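So that we are looking at the same thing, I have put the structure below in structure tokens.
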Amino acid sequence: MLIRSISLLLLSILSSGFLFSQVRFSSAFESGSMGEVRRIDSTWTKVSAKDSILTLSYDLSSRFDPLNPVDTALKPSARWYYFRMDGVKGKQIFLNIQNSEAIRPFYSYDGINFRRFDEGENLNKRQVNKIFTQDTVFISHFIPYKYSRLSNKIEQWRKCEYVDYREIGKSHLGVSIPMLTITDRSVPDQNKKRIWIHGRAHPSEQPCSWHLEAMINELTSGSEYSKSLLSHSVFYIVPMINPDGVIGGFSRSSSTGVNVEINWDREDSLTTPEIQVLKAILTELTEEIPFDLFLNMHSQIANSATYWIHTAESTSPVTYKNQLLLSNLTVNENPFYSSKDQSFSDMAPRYPEGWMWNRFGDKTVAITFETPYTYYKENIDGDWVSVENLSRMGMNSLYAISDYLDISTSSRLLVNPRIINKRRWTKTSGNSDVFFEDFFHKALSKRAKVIFYAPDVKQGEYKIYSWSVGPADKVSPDGKNCWSEVAEVRQKRDGKLRLRLKADSVGGVVDKFLLVK
Ligand SMILES: [Zn+2]
């Protein structure tokens, strides 16, 4: 009985006198990260005749990556934070987050379902405040995408008949780096387009993994679109090239402090096992045939999605034009990306794209795609980045890839125009416009006609689009460099589909057609 009274006494002491110290912080779990935490204030506020609320304020710093041993002038990054607080129920907690952004970051009571702090809980960029309704809460910069999630997803994806799994090597700490090869093996690989995608060089860039996961989900979904895409293409996908960084909750580096994005021009002794593993598999896979497309998935702090398009001066006019075509195709029917969001930079050998450029030049378009953490198109009143809209954008990315590589699928058929009366058209080429193949057609007369013809179209309702050729400028004029609808057709029975179309004006252009069910 005495023991029971003592423990009751202890309990009552714990729940009153030690209230201030009852909030506990931790980050000792997968992908967890936190620097120092310091309580700066605590006050009881009377909110009604009988009730008081405890308000606690903390200064909390995010954790810096280790000093970069190779690029010693680089300041270590401290973007990522993901920590757990216990003992918060019913208390008003102010968190001042140092070293990083806190723009409507996320919280979760179960570590699985995350939601953003709302505007009123995030009045300052570096501060959140909230009265939590449960005792344990996880706070994170973005919804974590962990290595363990990838491993579970891989187990699921591997069940798809089109997926081959391979461990391409191990990280510095001995963690497996997986690659998925996704294609329809009943169709010979000869003539298939070859697409490489990797992500998460930078561990804090969680949105890019949700985007890439959606792309792999679609490729392995067995949908009509993905099945026909995979009969014409092979995808080589390394979803996480820096697993140590992801597991350890690092910001931009590997566990040894190296930024694996920027050491591709260094000899092996100055890079990391992760870069060596990637270089080896890339060399092996391109021994005979280069890739058609090489995508490097990242996330950026700017409030927009973007490709980093390499300038014509640092690559070639053809590669510049091809990058613009891919980018503008990604804009198509995409509410989360516009041609105004496009970013430009010079190709440099320290990046994976530079390494590819030095080997394959114009044969491979190698480019980085960035997803944001906050919102899209610099529009704070628009959609805030979520797993759902990243997933939707994954679909746009796949459509852009198949259109760019001129892969016709059951639901998106790409067709070259048949020119009637060749004297009324002129072939135009060059690198000042964005178009599909070696040339497009310009009408010399208002009566210039062209035929859309597809030999084998299933019964149904379709829309026909024409690629609206526009200038290879940094921002496309409205209505240019996009699919423009030219007709709606009903195919009454399976078979050929033929449509006669007229130039809208002298100088009117025709390039590729797209038929969408
Ligand atoms: Zn990055």
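Within the set K321/K377; K193/K422; K422/K474, which residue pairs have Cα atoms separated by over 26 Å?
Violating the 26 Å limit, Cα to Cα: K193/K422; K422/K474.
Residues with beta-carbon under 9 Å from that of D403, excluding D403: net charge, scoring Lys, Arg +1 and Asp, Glu -1?
Net charge in that neighbourhood comes out at +1.
Take every DSSP beta bridge with both residues inside the chain and express the antiparallel ones as a percent of the total, to the nearest 5.
If I count the DSSP bridges inside the chain, around 75 percent turn out antiparallel.
Which whole-angstrom value gives the distance between the alpha carbon centres of the stretch 61-121 and the stretch 271-350?
29 Å
So, one more: Can you tell me which of 332-342, 455-465, 30-40 comes out highest on packing, and rank the rest after it, using the mean Cβ neighbours within 10 Å? Don't jump to the answer; show the numbers that get you there.
Values: 332-342: 18.5, 455-465: 14.2, 30-40: 16.5.
Highest mean packing first, the order is 332-342, 30-40, 455-465.
So what's the back-of-envelope 222 nm ellipticity for the chain, counting only DSSP H runs of four-plus at -39500 (n - 2.57) apiece and dividing by all residues, rounded to 500? Don't jump to the answer; show the numbers that get you there.
Working: 9 runs with 106 residues, N = 517.
Calculated at 222 nm, the ellipticity per residue is -6500 deg cm²/dmol.
For the chain, compute the orientation-averaged projected area of the C-alpha convex hull (one quarter of its surface), in nm². Present the calculation step by step, with values, prior to reporting the outcome.
Numbers: hull surface 124.9 nm².
One quarter of the hull surface, i.e. the mean projection, equals 31.2 nm².
Excluding residues on the same chain fewer than 8 positions from K517, give the lysines whose Cα lies under 22 Å from its Cα.
Those lysines meeting the cut-off are K227, K458, K463, K492, K496.
Highest mean first, what order results for 477-484, 429-436, 49-56 on Cβ atoms within 10 Å?
429-436, 477-484, 49-56
Towards the positive end of the charge dipole of the chain, with charges on Cβ (+1 Lys, Arg; -1 Asp, Glu), say which of S228, S255, G479 has the farthest Cα.
Farthest along the dipole direction, towards plus: G479.
Shifting gears a bit: Please work out the Cα center distance from the stretch 404-450 to the stretch 139-167, rounded to the nearest Å.
Taking the Cα centre of the stretch 139-167 as reference, the centre of the stretch 404-450 is 41 Å away.
Quick one: dipole size for the chain, taken about the Cα centre, charges +1 on Lys/Arg Cβ and -1 on Asp/Glu Cβ, in debye to the nearest 20. Each step should come with its number before you reach the end.
Values: 64 positive and 59 negative charges, 328 e Å.
Dipole magnitude for the chain comes out near 1580 debye.
Follow-up question, since we're still on this one. Please sort 494-506, 353-365 by packing, taking for each peptide the average over its residues of neighbouring beta carbons within 10 angstrom, highest first.
By packing density, highest mean first, the sequence is 353-365, 494-506.
Taking 8 Å as the Cα distance limit and 6 or more residues as the minimum spacing, I'd like the relative contact order of the chain as a percentage.
11 percent
Further, regarding this structure: State the answer as a single residue: which of P335, Q459, P105 lies farthest towards the positive end of the charge dipole of the chain, with beta carbon charges of +1 for Lys and Arg and -1 for Asp and Glu, about the Cα centre.
Selected residue: Q459.
Now for a separate question. In Å², what does the accessible area per residue of the chain work out to with a 1.4 Å probe? Don't skip to the answer; put the middle values down first.
Details: 23410 Å² over 517 residues.
The answer is 45 Å² per residue.
Accessible area of the chain with a 1.4 Å probe: how many percent of it is carbon plus sulfur?
Carbon and sulfur together cover 49 percent of it.
Can you tell me the relative contact order of the stretch 412-516? Whole percent, Cα pairs under 8 Å, sequence separation 6 or more.
Answer for the stretch 412-516 is 40 percent.
What does the charge add up to near R266, with Lys and Arg as +1, Asp and Glu as -1, over the other residues with Cβ less than 15 Å from its Cβ?
Net charge in that neighbourhood comes out at -4.
Net charge near R392: determine it from the other residues with C-beta under 15 Å of the C-beta of R392, scoring Lys and Arg +1 and Asp and Glu -1. Intermediate results must be reported in sequence, preceding the final value.
Values: positive: K377; negative: E213, E218, E333, D383, E388.
Around R392, the surrounding residues sum to -4.
The values are calculated or read from the model by the stated rules, or taken from the named source; none is laboratory data. These numbers come from a predicted model, not from an experiment. Reconstructed Cβ throughout: ideal geometry from the backbone, glycine too, with neighbour counts over all protein chains shown. We work out accessible area using only protein heavy atoms, side chains counted, and drop any ligands, DNA or RNA first. Shrake-Rupley method; radii C 1.70, N 1.55, O 1.52, S 1.80 Å.
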